[in-house]
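Structure, as structure tokens:
Just so it is clear, none of the values below were taken in a lab; they were calculated from the coordinates. Quantities reported herein were computed from a predicted structural model and do not represent experimental measurements. Cβ sites come from the backbone with ideal geometry, for glycine too, and all protein chains shown count toward neighbours.
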Amino acid sequence: MWHLRPAASGRRGAGLARHIWETVRLAVPVMIGRSGTLIMITADVIMTGRAGARELAYYGLAYGATQVLVVIGLGAMTGTTVLASQADGRGDAKQCGAVWKVGLAHALAMGVVFAALCVLGERFLLLTGQSAELARNAGRAMLMSALGLPPMLMYLATALFLEGIRRPQPNMWLMLAANLINIALNWLLIYGHTVAGLGSVGGMGAAGAALATALTRWLMFLALAAYVLTMADGGRFGMRERARHPMELGRKLRRIGVPLGLAQGLESTAFTALVLMAGLLGSAHLAVYQIALNLLSVVYMLAMGVGAATSVRVGHAVGRADPRGLSWAGWVGAGIAMAMLSCICALFQVIPGVLAGIYTGDGTLLALAIPVLTIAGLFIVVDGGQGVMVGALRGVGDVWVPSGMVVAGFWGVTVPLGHHLAFARQMGVAGLLWGLFAGALLAVVMLLGRFYWITHREIKPL
């Protein structure tokens, strides 16, 4: 087993422009693919909001709870990208295919367990202090979402595998088509329609949006898996062969995935804790927080696209024993993300009313949302930065310490500070957003220091 040493020589001809281009070329289709998942949820939020503020509140509670499970699964599956990219970097294509198969089995098992947990959704929401009406209707939406959790995690395992071997384009095109299908299913299931010979159909509100997304997720997984199995060079990846050393691969996948899943789960539960706090402020405040959270989630997917590209490029550098390329990949990814997110932050400051108006025409909600979105713009810069640095560190297999840093930021700062500002200082949803900003700022500062430290030490491939 070799060690990657800082003294080793990298591709010395690779300047800044080349590294920027290589990151952007990989990041753009990943951004579109990752953003497509959140655009799908955005369509759900917008179309559910048009069905009424209370339906939007039901959807917000259900989404906040089920998204924790999806995020845990995404973190747990991220090892698929790390292992596939390092294997691809050293030219071991069959190992890449084996990684996908092992990841798929883990995704299915997690999806079934997570779906079973959603059956208890209404009871969970009642225990958090939500009203019986909110818990009942949001719990119904959670049941519909449960149907889509197994295919969603298997889809993620497949998409992450393709990112690891630097083929994100198929998922990009798939997401564009999937969003159109989801919108059509939303229209059919959210709103009530009268169909000749069938009578009244749809009219399910928030539950209809959740069901539409669940059905779309099944189509997404089946389509992307079909592509992988029929790739022209599938034989090179051993698609029709048994995975080599599946138990060892499973251990490596869990060694990377467990801390990432825990960290992302704890980060997501911090967001969910704030959703529940917003629910205690009232339905209007909950709807405003959901608008802000959805906008932030869509923008964060852009940052995650850069983070994924950075992780893959770092992983390839580890695989080919290129420490200089590793350092370039991480710092260039961070620079691209911060520049892009600063521009988006400016939009949040200049046109918050326009952004809020996408979701609702309710004057009360607009008045509450505008000041909240200006704070959200500041938050997304530091939050996206920490996401990219987690990706850079993930590429070298450094997961436990960065995970602890993220958890410290969100649970050590965000939740207690957000609660204090929202209730004791009576700042409402704005206080929750300031709590998020402070926690993410602490996390990104620590992660930047961690990456600098890592690049000056020996690194061993997984």
- [ ] Give the peptides 209-221, 167-179 in descending order of average Cβ contacts within 10 Å, highest first.
- [x] 209-221, 167-179
Open item on the list: Give me a comma-separated list of calculated 3J(HN,Hα) values for region 144-153, in order, Karplus coefficients 6.51, -1.76, 1.60 applied at θ = phi - 60°, integers in Hz, x for any Gly or Pro.
Closed with: 5, 4, 4, 5, x, 6, x, x, 4, 5
Task: Label-to-label distance, nm, for residues given as GLU248 and ARG425 (7 Å Cα→Cβ offset) - done: 5.4
Task: In nm, spacing of pseudo-spin labels at LEU127 and ALA105 (7 Å Cα→C-beta vector) - done: 3.2
Open item on the list: Using only Cα atoms and rounding to the nearest 10 degrees, what angle (0 to 90) does helix 16-49 make with the longest principal axis of the chain?
Closed with: 20
Task: Estimated distance in nm for a label pair at ALA184 and TRP411, the labels positioned 7 Å out from Cα along Cα-to-Cβ - done: 4.4
TODO: For region 211-326, count all C-alpha to C-alpha pairs, find those more than 21 Å apart, and express that count as a whole percent of the total.
DONE: 68
TODO: Note the angle between two axes, namely the Cα long axis of helix 283-319 and the longest principal axis of the Cα atoms of the chain, as a number of degrees from 0 to 90, rounded to the nearest 10.
DONE: 10
TODO: Multiply the residue separation of ILE351 and ASP92 by 0.36 nm, subtract the distance between their alpha-carbon atoms, and state the gained length in nm to one decimal.
DONE: 88.3 nm
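Determine the relative contact order of region 1-158: mean sequence separation of Cα pairs under 8 Å and six or more apart, normalised by residue count, in whole percent. Intermediate values should be presented prior to the final figure.
Working: 118 pairs, mean separation 40.3, N = 158.
Relative contact order of region 1-158: 26 percent.
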Task: Packing-based ranking, highest mean first, of 256-262, 63-69, 308-314, 158-164 given that Cβ atoms within 10 Å are counted - done: 308-314, 158-164, 63-69, 256-262
Task: Cut-off 14 Å between beta-carbons: net charge of the residues surrounding MET172, Lys and Arg +1, Asp and Glu -1 - done: +3
Task: Contact order relative to length of region 364-462, as percent, for alpha carbon pairs under 8 angstrom and 6 or more apart - done: 36
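With +1 on each Lys and Arg Cβ and -1 on each Asp and Glu Cβ, how big is the dipole of region 305-462 about its Cα centre, in debye rounded to the nearest 20?
Computed about the Cα centre, the dipole is about 400 debye.
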- [ ] Can you tell me how much longer the chain between LEU117 and LEU280 gets when fully stretched, taken as 0.36 nm per residue apart minus their C-alpha distance, in nm with one decimal?
- [x] 56.3 nm
Open item on the list: I need the per residue convex hull volume for region 7-138, using only the alpha carbons, in cubic angstrom as a whole number.
Closed with: 172
- [ ] Would you mind checking the tilt of helix 53-77 against the longest principal axis of the Cα atoms of the chain, expressed as 0 to 90 degrees and rounded to 10?
- [x] 20
Open item on the list: With an 8 Å Cα cut-off and a minimum separation of 6 or more residues, compute the relative contact order for the chain in percent.
Closed with: 25
Task: Label point at TRP218 placed 7 Å out along Cα→Cβ; residues across region 58-85 whose backbone nitrogen lies under 20 Å - done: 70
Open item on the list: From the helices alone, meaning DSSP H stretches of at least four residues, give me the mean residue ellipticity at 222 nm for the chain, per-run term -39500 (n - 2.57), in deg cm²/dmol to the nearest 500.
Closed with: -27000 deg cm²/dmol
TODO: Using R₀ = 22 Å, calculate the FRET efficiency as 1/(1 + (r/R₀)^6) where r is the Cβ-Cβ separation of VAL258 and LYS460; round to 0.05.
DONE: 0.70
TODO: Rank-order 451-460, 391-400 by packing density, defined as the average count of other C-beta atoms within 10 Å over each peptide's residues, highest first.
DONE: 391-400, 451-460
